[in-house]
1. Mind checking whether some residue in the range A:293-302 is over 25 Å from A:Y401 (Cα atoms) and within 14 Å of another protein chain (Cβ to nearest Cβ)?
2. Scan A:L395, A:L333, A:L381, A:L340 and give me the residue that is aliphatic (A, V, I, L, M), assigned to a strand (DSSP E or B), open to solvent by 40 Å² or more (accessible area, probe 1.4 Å) and more than 28 Å from A:G278 (Cα to Cα).
3. Which of the residues belonging to the range A:500-529 are open to solvent by 50 Å² or more (accessible area, probe 1.4 Å), of a type in the set (D, E, K, R) and closer than 20 Å to A:L100 by Cα?
4. Checking A:T447 against (1) open to solvent by 20 Å² or more (accessible area, probe 1.4 Å); (2) farther than 20 Å from A:D119 by Cα, which test does it fail?
5. Just wondering, is there one or more residues in the range B:105-121 that are under 18 Å from B:N41 (Cβ atoms) and either hydrophobic (A, V, I, L, M, F, W, C) or touching a helix residue (DSSP H, G or I) at 6+ places or on another chain (Cβ under 9 Å) (or both)?
6. Can you pull out every residue in the range A:565-589 that is in a strand (DSSP E or B) and open to solvent by 20 Å² or more (accessible area, probe 1.4 Å)?
7. Please verify whether A:E510 is in contact with a Ser or Thr (Cβ under 7 Å, 6 or more places away or on another chain) and closer than 30 Å to B:D66 by Cβ, treating the condition exactly as stated.
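The values are calculated or read from the model by the stated rules, or taken from the named source; none is laboratory data. Just so it is clear, the structure is predicted and the values come from calculations on it, not from any experiment. Ideal geometry is used to build each Cβ from the backbone, glycine not excepted, and the neighbour counts take in all protein chains shown. Side chains are part of the model used for accessible areas, which takes the heavy atoms of the whole protein and leaves out ligands, DNA and RNA. Shrake-Rupley method; radii C 1.70, N 1.55, O 1.52, S 1.80 Å.
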Amino acid sequence: MHKKLALLLLMLCPLPVLGAAGDADIERLMPLSLEELVEVDVSISTYSKQQMSKAPSVVSLVTAEDIRATGATNLMDVLRSVPGVYVKQNLFAFRPLVTLRGAPGNNVLLMVNGTPMRDLLWSNGIYWKGLPASIIERIEIIRGPGSALFGADASAGVINVITHTAAPIKHSEAGLRAGSFDSQAGWLRHGGSWNGLDVGLTAELSTTDGHRPTISPDRNGNTGKANYEWDNQDLRFSLAGGHWRLLADYQRQDDVGTGLNGAGVLDPLNESDSRQYGLALHYDNPGFAPDWGLNAVARYRDVKYSSGNGFITLAPPTREYLDAAERQAGLELSGLYTGLRRHALRIGGGAAWNETYGVQQINPPNPAFPIPEQSRRDLYLFLQDVWSLADDWELTAGLRYDEFNDFGSATTPRLALVWQSSERLTSKLLYGEAFRAPSYQELYFQTASNTPNPDLEPERSRTWELAFDYLASDRLKLGLNLYRFKRTDLISGAGGTFQNVGSFTVRGLELEARWQATPSLQFAGNLTLLDQDDSPGEDVNVPDEALHLRMDWAFRPRWAWDVQAHWFGRRSLPAGDPRDELGAYSLVDTTLRYRYDRNWEFAVSVRNLLDEDAHDYSSRNLPNNLPLPERNFYAEVRYGF
Amino acid sequence: MRLSRSFPRCIPALLLAVWLPDAAATEEAPEPALRAVLFYNFLKFADLPANGSSDQVLNICVAARDPELLTAMGRLRERPLRSRRLAVRAYEAAADCDAIYVESRARWQAIVNGAGAPGALTVGAYAGFVDDGGIIELSFDRDRSRFDINLVAARQAGIRLYPQLLRLARRLID
């Protein structure tokens with residue numbers, strides 16, 4: 001750890017500036033005519049990142065260009081490198097659970113184009129394994145509370161994935177990828193116009209056998225390989241004209257091998273499936289009326305799960321079957337008023353409605369535990385004012401009120417004071433409250449081990465943050481965040497019945513650096529340190545320390561080389577677990593990319609280059625925890641048009 | 001179920017069968033650089049009144065704090081424009097400015113509440129700049145630059161804008 005920290009500090013030392021990277025852009029643009037200039041596309045990269053540095057939150061932005069450079073194939077590959085994030089794999093279907101700042105995944109609100117991906121029954125879907133990288137235009141990650149803007153389940157942060165949609169799709173592309181674990185994928189992205197409307201289409205189809213880790217032994221003492229195969233289809237269509245945008249998506253996961261059941265018993269036979277589709281109609285008009293902008297969105301989403309040929313039960317060894325579905329609808333309207341001097345006032349409200357349906361269970365060992373069909377309704381109002389106190393000072397104050405039909409109400413305020421301390425330094429003092437809604441299971445499900453409690457209160461949290469963004473030179477940018485994140489009224493089922501108990505506090509530090517050493521060589525890195533208290537609320541299997549280093553080097557014209565090194569510290573075990581704590585591990589990934597001409601591009605990637613024998617925490621049911629993938633290889637070809 | 005399993009394995013054939021038209025190279029640039037070069041082009045298509053600066057120097061004032069924008073604007077320094085060369089500095093007072101780039105409404109209000117910007121070409125980067133009396137409002141819509149022009153404000157400032165500029169404007173206030 002000390003060597004790696006020293007390496008990071010060395011990287012941060014100011015070094016001689018060898019020439020201005022931005023000069024090339026200016027020189028390239030200067031000969032263009034005005035007509036040509038208005039046709040130039042803005043790359044999101046640096047300026048948006050800079051704007052993000054002024055946002056009244058701690059925000060990370062990952063662009064499609066970042067994703068392409070790193071060879072990431074899935075959203076989860078990208079999130080792994082974000083400060084504060086730890087993607088923890090679950091033994092059931094090798095599902096990725098995104099933890100942030102030491103809080104479990106149900107405190108992180110994941111959205112796609114502003115639509116929450118959570119569902120009542122399984123949080124982010126029982127077989128959900130992320131999103132294909134080819135459909136992603138950018139990812140905005142707000143670290144810190146987001147409930148004052150986005151409502152429930154945003155205590156630790158918000159991840160909003162923006163997909164390629166109509167109008168922004170200007171570069172059509174087709175691609176193929178193949179690699180280890182019998183993995184194959186193909187994708188197509190295309191934008192065009194039809195009857196004066198912009199049309200966008202993305203599609204990715206993929207299949208993999210998964211890494212089939214050897215489980216030795218499972219809960220029943222058997223040894224075998226966990227079957228983590230799955231097929232994925234992701235289709236998205238969008239239409240844009242004037243102030244309107246229509247987004248439609250369809251995703252399907254087939255032949256999802258669950259590998260092990262939730263209790264840690266190897267299940268070589270199960271192949272489950274799920275599908276979901278969504279529709280969203282957006283209206284965005286910044287000049288709706290003098291001093292007024294208007295934004296509205298209507299959403300509908302439908303998700304359906306099936307256990308396929310059945311989950312294996314613990315004892316007696318038989319199979320249980322579960323089909324379930326859920327409908328979700330939402331409507332939100334907000335206006336931005338800029339008629340007051342030095343103020344930008346946003347006021348809005350909405351309604352969200354979720355309902356389970358089509359629940360069918362055949363559960364021979366536990367016939368007394370049916371899953372009830374329920375619905376949840378949330379009515380909400382919010383108000384936010386961005387007040388330019390002075391040229392260099394901006395205060396953002398927000399308040400949101402949510403009224404749920406099942407567990408009551410929640411009021412969440414936020415305050416953010418942003419000071420442009422100098423031309424190079426931005427300082428922020430942030431305070432926010434947030435809440436996590438009790439889950440369906442905690443409110444309504446009777447299981448063999450837990451009794452539900454319909455009187456549960458939401459978990460609440462308060463976060464204080466101090467953040468600095470510093471442009472040390474044209475080429476070196478630094479960021480430092482310090483925070484205290486306290487969760488109260490934690491919901492625990494440790495006593496049998498789910499109850500609100502106790503609190504949990506995390507203090508943390510996130511340090512980020514990006515250095516453009518030469519126009520063709522860039523280094524980036526971030527360090528996360530967590531100080532979690534010893535209360536039972538600790539998410540024990542999240543490392544307290546993590547370090548990510550990245551190099552991007554265009555070492556010859558047409559060639560680009562990306563290397564990423566991820567180091568995760570040791571992870572403690574729950575009280576009473578007699579095993580040794582999980583040790584630290586490192587993963588090195590690299591991608592070499594070659595652009596043959598303006599159409600064709602080729603790349604090869606190696607993940608876990610050093611073939612580290614890494615494991616994620618699993619309960620005592622798997623004595624040796626869950627093995628992560630060994631060294632694996634991918635090759636891809638892209639055709640841009 | 002089995003159909004869907006076999007379907008992805010046909011991807012190579014499916015995608016290769018797709019008609020792929022010839023490539024059309026699209027220029028792409030970081031926003032600060034594009035803003036700076038557009039600002040330079042606005043100056044090229046404007047006749048400015050003599051405004052206290054010398055015959056040799058055209059003074060550009062930048063009322064912004066964004067470091068990347070300031071860096072990009074700084075790269076316009078010493079560039080020739082007709083018979084003059086550009087001088088670029090942070091905005092302090094309007095007196096010596098031939099052109100002013102304004103980042104926010106707060107900065108524009110401070111300028112207006114002070115000495116104003118008599119005779120200067122004003123380019124603003126926030127929504128509503130031309131309605132607030134600025135001359136050119138530069139914005140980005142779906143990743144492409146757009147600009148609106150307030151001809152009334154231009155005339156009041158004694159500035160003549162060329163037709164090449166006017167015909168590309170999204171909106172003209174006249």
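1. no
2. A:L395
3. Passing the criteria: A:R507, A:E512.
4. It fails just one condition, (2).
5. yes
6. Within the range A:565-589, A:A565, A:W567, A:S586, A:L587, A:V588, A:D589 qualify.
7. yes
Let's see how each residue does on (1) acidic (D, E); (2) within 13 Å of the chain's Cα centre (by Cα); (3) under 23 Å from A:Y305 (Cβ atoms); (4) open to solvent by less than 20 Å² (accessible area, probe 1.4 Å):
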site	(1), (2), (3), (4)
A:V85	no, yes, no, yes
A:V108	no, yes, yes, yes
A:M111	no, yes, yes, yes
A:P116	no, yes, yes, no
A:P132	no, yes, yes, yes
A:E140	yes, yes, no, no
A:H171	no, no, no, no
